[in-house]
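Heads up, the thing below is written out as structure tokens.
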Amino acid sequence: QLHSDQDKGDGSLKYILSGDGAGDLFIINENTGDIQATKRLDREEKPVYILRAQAINRRTGRPVEPESEFIIKIHDINDNEPMFTKDVYNASIPEMSDVGTFVVQVTATDADDPTYGNSAKVVYSILQGQPYFSVESETGIIKTALLNMDRENREQYQVVIQAKDMGGQMGGLSGTTTVNITLTDVNDNPPRFPQSTYQFRAPESMPPDSPVGRIKANDADVDENAEIEYSITEGDGYDTFGITTDKDTQEGIITVKKALDFENKNLYILKVEATNTHVDPRFLYLGPFKDSATVRIQVEDVDEPPVFSRPAYVMEVKEDVPMNTVIGTVTAQDPDAAKNPVKYSVDRHTDMDRVFNINSGNGSIFTSKLLDRETLLWHNITVIAAEINNPKQSSRVPVFIKVLDVNDNAPEFAMFYETFVCENAKAEQLIQTLSAVDKDDSYSGHQFSFSLAPEAASSSNFTLQDNKDNTAGIFTRKNRYNRHEMSTYFLPVVISDNDYPIQSSTETVTIRVCACDHRGKMLSCNAEALIHPTGLSTGALIAILLCIIILLVTVVLFAALRRQRKKEPLIISKEDIRDNIVSYNDEGGGEEDTQAFDIGTLRNPEAIDDNKLRRDIVPETLFMPRRTATTRDNTDVRDFINQRLKENDTDPTAPPYDSLATYAYEGNGSVAESLSSLESMTTDGDQDYDYLSDWGPRFKKLADMYGAMDSDKDS
């Protein structure tokens, strides 16, 4: 309440109020000066209000006292409960943590005045989550309260924390929050096989790297703590089988490392071990982090193809062996317990010439043709072994056959030798060095011997010296040679080898006599002169000459063909249709066949249509054909043909080349008259055919026929 000393109580003064909240939160009675609050005040919104009050004369409005200021402080009461900074907290700790391990800290605030009483003093407590966790009452730190909490038993925990003001005393306000705590995994569980023994079956035909089966050891841990490495530690199949880990499923995959054989071994026993790859040393006291199991693998029998005793065969045979000589044997057996019989054959795709054959029963390979090492040194064939009862079960093996050399080829000159000797040559002068080659193979090296043929050893004008190094030299035996007396010498040389049996051949050296200068340089020879080595050989000159002749002949033939083509008629095909030449290529039906040709046209020239034009050409200028006088039916053939020839010669529409016109016009008659037997039958009287005998042997058959008819009539 405000009161002025000037107030006499007569109502002449008026109190007014201004400042924070004046007229809204605070009002004043203008007559009595009482100040009142219009609504509930909240210290947390505004703790202090500053107001100004003054008394004025109601009638004049003038202040009767100076303005006075006063402060209103809001006294705090415990009207706010503690509030946590988060509605829900999430935290995690490793499993198996020690007691007192820090988990998370929660924080709650109170809006009340911390300087006034205990309204803002917060105390923390746990409402849910015991006995696993605890909370410090003053700090809000949550810690583990139970030893060896196992994630595999329980992974999630929900803890409720309460914050209460007034120091936790009775009547204080409180708030709560939820803390979700997750236990993270540690490697505290070793892998364990669910069973001690596993059984698998594998066919013996299973190829390497094929999977046989899968095994899995269980690990209660997760992620990298559950990663397992599998290995085979013991067993008789240590080298035959292997095991790998499937990273996605953590399974052990047992695979075949090498081929299985039921006949050799049909049961394998393995010891497989599963080990954690990430071991935590803190938990080694829980035991070894590995486990083992026994795996039994039963090999199943399948029908297998025959197996050769070797992966490949190498054989040798001399090239001079006769046909049907056995050179070696291949062996294959059925590996199955049934031991089915096997038959052998040669793959003809590898022996197209059928040089070799094989005994289908015992596998012996023999020759079927003669061999030649110089033609082919190695023969590579393939032998097939198949079961007789099941030919689909077959296998192949390569057979390499080497043809051994025998001395069956005589040595020969390394090249064709054609040399010359100068007319002014001196005796014992070297004119040519010879060398030889041999197609045969010599293990110790070839040794050739050279000598003159016996028929030339004494009478030859040259001598031969064997150099004992597979070469020989030809020397002159006399001084001077005359090319006019003898222009060419043919020197037979015998070449022999030193192998067994000894082979020899006789080769001929051609020596020409030529004129030379004083230095021995060839100048010229005879008509068949030896070409200097730097020029062309005789064969080359002959080839050039033949090419020139062929070229000339080709040019002449081409020119002749062009000239002949210019002279060809306009129409050369025999299929052309003309008025004067008609080709039918059929035999005809005789005199009564009048369908093929109208002979009446020739017998009656007046019936010919003179207006018909030629069909074989198209004239440039169309001339009307000249009408010619008709001839009588009895006109002689010669006059008829002459008339038509004259017409064609003077006809401007005729082609400018000769034409052949055939006219089937018989004429007035012949000396022999008609030979038709049909026409003879139409005559009234009998005829005498004896005159046919006078016509010679060509008509003898007719004479016999008609003579026989006369004799029949007489009889």
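Of the strands (runs of 3 or more DSSP E) contained entirely in region 438-522, those carrying at least 1 residues that are more than 13 Å from Ala425 (Cβ to Cβ), open to solvent by less than 20 Å² (accessible area, probe 1.4 Å) and without any contact (Cβ under 8 Å) to a residue 60 or more places away in the chain fall at 449-452, 471-476, 488-496.
Of the residues examined, Glu428 is not one that is assigned by the TED database to the domain that holds His518 and outside any loop (DSSP other than H, G, I, E, B). Screening Val122 with (1) at pLDDT 85 or above; (2) open to solvent by 60 Å² or more (accessible area, probe 1.4 Å); (3) over 30 Å from Arg151 (Cα atoms) gives one miss only, at (2). Within the span defined as region 59-82, every residue fails to be assigned to a strand (DSSP E or B) and touching a Ser or Thr at 6+ places or on another chain (Cβ under 8 Å). Being among the hydrophobic types (A, V, I, L, M, F, W, C) and within 30 Å of Thr325 (Cα to Cα) is the requirement here; does Leu430 meet it? Here the answer is no, as Leu430 does not meet what is asked. For region 162-191, taking the residues that are open to solvent by 50 Å² or more (accessible area, probe 1.4 Å) and of a type in the set (A, V, I, L, M), the one that is farthest from Gln250 (Cα to Cα) is identified as Met170. Scanning region 154-197 for residues that are within 60 Å of the chain's Cα centre (by Cα) and among the aromatic types (Phe, Trp, Tyr) yields one hit, Phe193. With the structure loaded, tell me whether Pro82 is open to solvent by 50 Å² or more (accessible area, probe 1.4 Å) and either touching a Gly at 6+ places or on another chain (Cβ under 6 Å) or not polar (S, T, N, Q) (or both) or whether it fails that test. Judged against the criteria, Pro82 is not a match. Taking the residues in region 22-34 that are part of a strand (DSSP E or B) and open to solvent by less than 50 Å² (accessible area, probe 1.4 Å) as candidates, determine which candidate is nearest to Asp76 (Cα to Cα). Among those that are part of a strand (DSSP E or B) and open to solvent by less than 50 Å² (accessible area, probe 1.4 Å), it is Phe26.
Scan region 128-161 for residues that are small (Gly, Ala, Ser), assigned to a strand (DSSP E or B) and surrounded by fewer than 18 Cβ atoms within 10 Å (Cβ to Cβ) and report the count. Total meeting the criteria: 0. Kindly indicate whether any position in region 193-213 is touching a Phe, Trp or Tyr at 6+ places or on another chain (Cβ under 8 Å) and closer than 25 Å to Glu224 by Cα. Yes: one or more hits. Taking region 38-56 as the range and being surrounded by fewer than 12 Cβ atoms within 10 Å (Cβ to Cβ), under 28 Å from Lys14 (Cβ atoms) and of a type in the set (D, E, K, R) as the test, only Lys39 passes.
Conditions tested, residue by residue: (1) of a type outside the set (Gly, Ala, Ser); (2) at pLDDT below 90; (3) open to solvent by 100 Å² or more (accessible area, probe 1.4 Å).
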residue	(1), (2), (3)
Ile549	yes, no, no
Glu568	yes, yes, no
Ile572	yes, yes, yes
Val582	yes, yes, no
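Anything in region 267-278 that is in contact with a strand residue (DSSP E or B) (Cβ under 8 Å, 6 or more places away or on another chain) and at pLDDT below 90? List them, or say none. Thr277 - this is the single residue of region 267-278 that is in contact with a strand residue (DSSP E or B) (Cβ under 8 Å, 6 or more places away or on another chain) and at pLDDT below 90.
Filter region 381-395 down to residues that are modelled with pLDDT under 95 and surrounded by fewer than 16 Cβ atoms within 10 Å (Cβ to Cβ) and give me whichever is nearest to the chain's Cα centre (by Cα). It comes out as Lys392. Of the residues making up region 57-72, just one is open to solvent by less than 50 Å² (accessible area, probe 1.4 Å) and under 21 Å from Asp112 (Cα atoms), namely Ile72. Close Cβ contacts (under 6 Å, 6 or more residues apart or on different chains) running from residues in region 34-50 that are basic (Lys, Arg) to residues that are surrounded by 11 or more Cβ atoms within 10 Å (Cβ to Cβ) and not in a loop (DSSP other than H, G, I, E, B) are absent.
The values are calculated or read from the model by the stated rules, or taken from the named source; none is laboratory data. Source: prediction; values computed, not measured. Quick reminder, even Gly has a Cβ in these numbers, built from the backbone with ideal geometry, and neighbours come from all protein chains shown. Quick note on the areas: whole protein, heavy atoms, side chains included, nothing else; ligands and nucleic acids left out. Shrake-Rupley method; radii C 1.70, N 1.55, O 1.52, S 1.80 Å.
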